[in-house]
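The values are calculated or read from the model by the stated rules, or taken from the named source; none is laboratory data. From a predicted model like this one, the values you see are computed outputs, not experimental measurements. Every residue, glycine among them, receives a Cβ derived from its backbone with ideal geometry; neighbour counts consider all protein chains shown. Heavy atoms of the whole protein, side chains included, go into the accessibility calculation; ligands, DNA and RNA do not. Shrake-Rupley method; radii C 1.70, N 1.55, O 1.52, S 1.80 Å.
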Amino acid sequence: MCVINPFSALRPAPDIVAKVASHSVERYSKDEIKQVLAHNPISFLQVINPADASTQNTTEHLYSIKKKLQDFVSKKVFIQDETPCLYIYRQIKNQRHHIGIIGLASVDDYNNSSIKIHEQTLAQREEKLKEYLDVCEFNAEPVCLTYPHNKGLNEFMQAKIKQTPLYDYVIDEINHAVWIVNKPEEIELIQTLFRNIPAIYIADGHHRAASSARLAEMRKESNPKHTGKEAYNFFTAALFADDELTIFSYNRIVQSLNGLTAEAFLNELRKKFVVSLLKEKGKQPGHKNSLFLYIEKNWYNIAVDTLKHHPNNPVDKLDVSILSDYILSPILDIKDLRNDRRISFVPGIKTPEDIEKFINSGKASAAFCLYPISFEELISVADSGKEMPPKSTWIEPKLESGLLIYSF
């Protein structure tokens, strides 16, 4: 049973939305950010990277961000809906359609596990994001939540997208469209349908949700009149049914082989697994319990289905866990995936050719490609109260920043 509330979004004026909304800042290189800042004065990246921000003082930088957003509002780059609304969002990328609902999720639901997690978070990053929220006082990018397919919600959204959209634009070959839901009876219908769903799950944005919970706890402690209805008790969420998400693998790149030659490393693998040379190149693993290894210009299949696992632990039988527990840690001495600089992560949207090119350049020694984790596996882990290794899934759609802002 989850609360989904409407809100009065700060959003780009319709005629300039394609110039204002941006990808998440982490998806740009430094050079790409410089290009946007130099040539697009109304990009939301201008808010996140204000020209008058101090690079030395974090607090001053955050106040500059807040001031820049206020400046964009005063110049009508952003307008605000007069009444609280929900929003239907559709993204089309590479002919994949993703349709969901954007509204406010409750920190209380997060704290009582009605909103369930499947991934560990870093306390330091949570605290940093909490400070950002405390000073800037807005959510610019929704947390991506998912729920089991619901017939009533699907029928409502399919009917709604036949109407004229609020936004419909294309940027970087990705189509974004938004429909506004502002009729009280429609909002109540959506809220009622979500109240009948036992639990929803974080698909992407664990740190954003956790930092919102930290902010709410801090403000609750300093507010003797706290009721639970204050704006800081909510955060923006984009909710997609399980069949509206696409889950990709998150592949691993290792910088070195812990002093082993490639042949010695392969021999270590053969002690635990069946390792075979792949004659057909350019493919990703086609099923679970199969890891693809690229090393010294050859692809190998590592069959891991012979391992025995505790039936009540849904984490240790994941391919990503097997890779960590039986290869990365004992053979390569990579035990801390979050902080060890000898390992990096490549989303499964990258092609085998991309990976080959990177390894062949000499920047790393080997790559491991995995079969994507299923929605059922994600739910099983979350329902068990356990957590996957970091960077286990790359989930799309990736939401835009500065499209529907929640100002609190």
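What pairs from Lys30/Lys76; Lys75/Lys225; Lys283/Lys335; Lys335/Lys357; Lys30/Lys183 go past 32 Å between their alpha carbons?
Working: Lys30/Lys76 28 Å; Lys75/Lys225 35 Å; Lys283/Lys335 28 Å; Lys335/Lys357 26 Å; Lys30/Lys183 43 Å.
The pairs that break the limit, which is 32 Å between Cα atoms, are Lys75/Lys225; Lys30/Lys183.
For the range 99-152, what is the per residue volume of the convex hull drawn over the alpha-carbon atoms, in cubic angstrom?
Numbers: hull volume 6.5 nm³, N = 54.
Once divided by residue count, the hull of the range 99-152 is 121 Å³.
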Seminar exercise, completed: Diffing the range 87-96: the Karplus 3J(HN,Hα) column from phi (6.51, -1.76, 1.60, θ = phi - 60°), in whole Hz with x for Gly and Pro, holds 9, 8, 10, 10, 10, 10, 9, 6, 6, 8
For this session: Give the calculated FRET efficiency between Lys34 and Gln95 to the nearest 0.05, with a Förster radius of 41 Å applied to their Cβ-Cβ distance.
Result: 0.80
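So, by mean Cβ neighbours within 10 angstrom, what's the order for 344-354, 377-387 with the highest one leading?
Values: 344-354: 15.0, 377-387: 18.1.
By packing density, highest mean first, the sequence is 377-387, 344-354.
Provide the packing ranking of 401-407, 20-26, i.e. peptides ordered by the mean count of other C-beta atoms within 10 Å per residue, highest first.
Working: 401-407: 24.0, 20-26: 17.9.
Result, highest mean Cβ count within 10 Å first: 401-407, 20-26.
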Seminar exercise, completed: Between the Cα axis of helix 58-74 and the main Cα principal axis of the chain, the angle (0 to 90°, nearest 10) is 50 degrees
Seminar exercise, completed: Quick calc of log₁₀ I(q)/I(0), the range 198-328, Debye, one scatterer on every Cα, no solvent, q values 0.10, 0.19 1/Å, result -0.56, -1.14
For this session: Mind ranking 205-215, 106-116, 71-81 by how tightly packed they are, going by the mean number of other C-beta atoms within 10 angstrom, highest first?
Result: 205-215, 106-116, 71-81
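Could you please state how large a percent of the accessible area of the chain is carbon and sulfur, counting protein chains only and using a 1.4 Å probe? Spell out each step's value before the answer.
On the way: 9470 of 19340 Å².
Whole-percent figure for carbon plus sulfur exposure: 49.
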Problem set entry | Helix-only [θ]222 nm of the chain, DSSP H runs n ≥ 4, -39500 (n - 2.57) each, per residue, nearest 500 | -9000 deg cm²/dmol
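For the range 9-163, take the convex hull of the Cα atoms, compute a quarter of its surface area, and give me that in nm², please. Intermediate values should be presented prior to the final figure.
Values: hull surface 48.3 nm².
So the mean shadow area of the Cα hull is 12.1 nm².
Between Asn313 and Thr351, 0.36 nm times their residue separation minus their Cα-Cα distance comes to what?
Values: separation 38, 0.36 × 38 = 13.68 nm, distance 3.15 nm.
Taking 0.36 nm per residue and subtracting the Cα distance, the gain is 10.5 nm.
Mind checking the per residue accessible area of the range 307-399 for me, 1.4 Å probe, whole number of Å²? Could you put the intermediate results ahead of the total?
Working: 4220 Å² over 93 residues.
Computed with neighbouring chains in place, this is 45 Å² per residue.
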Exercise. How much length is gained if the chain between Gln80 and Thr59 is pulled fully straight, taking 0.36 nm per residue apart and subtracting their Cα-Cα distance, in nm to one decimal?
Worked result: 4.9 nm
Exercise. Between Arg270 and Gln191, how many nm apart are label points set 7 Å from Cα along the C-beta direction?
Worked result: 6.6 nm
Seminar exercise, completed: Between His226 and Ala199, Cβ-based FRET efficiency (R0 25 Å, step 0.05) works out to 0.45
Exercise. Once the Cα atoms of helix 123-136 and of the chain are each reduced to a long axis, what angle between those two axes, in degrees from 0 to 90 to the nearest 10, is obtained?
Worked result: 20 degrees
Problem set entry | Where N is the number of residues in the range 4-95, Cα Rg divided by 2.2 N^0.38 Å | 1.21
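Might you tell me the accessible area per residue for the range 141-230, computed with a 1.4 Å probe and given in Å²?
Working: 4470 Å² over 90 residues.
On a per-residue basis, 50 Å².
Under a 1.4 angstrom probe, counting protein chains only, how are Glu126, Glu396 ranked by accessible area, largest first? Don't skip to the answer; put the middle values down first.
Working: Glu126 25, Glu396 5 Å².
Heavy-atom accessible area, descending, gives Glu126, Glu396.
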For this session: List, largest first, the extents of the alpha carbons of the chain along their principal axes, each in whole Å.
Result: 66, 48, 46
For this session: Output the direction-averaged projected area (hull surface divided by four) of the convex hull of the alpha-carbon atoms of the range 273-408, in nm².
Result: 11.1 nm²
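Given 0.36 nm per residue, what is the gain on full extension from Glu387 to Lys288 after removing their alpha carbon distance, in nm? Please report the intermediate quantities before stating the final value.
On the way: separation 99, 0.36 × 99 = 35.64 nm, distance 1.89 nm.
Working it through step by step, the gained length comes to 33.8 nm.
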Problem set entry | Å² of accessible area per residue within the range 67-110, as computed with a 1.4 Å probe and no ligands counted | 46 Å²
Exercise. What angle do you read, to the nearest 10 degrees and between 0 and 90, between the alpha-carbon axis of helix 151-160 and the longest principal axis of the chain?
Worked result: 60 degrees
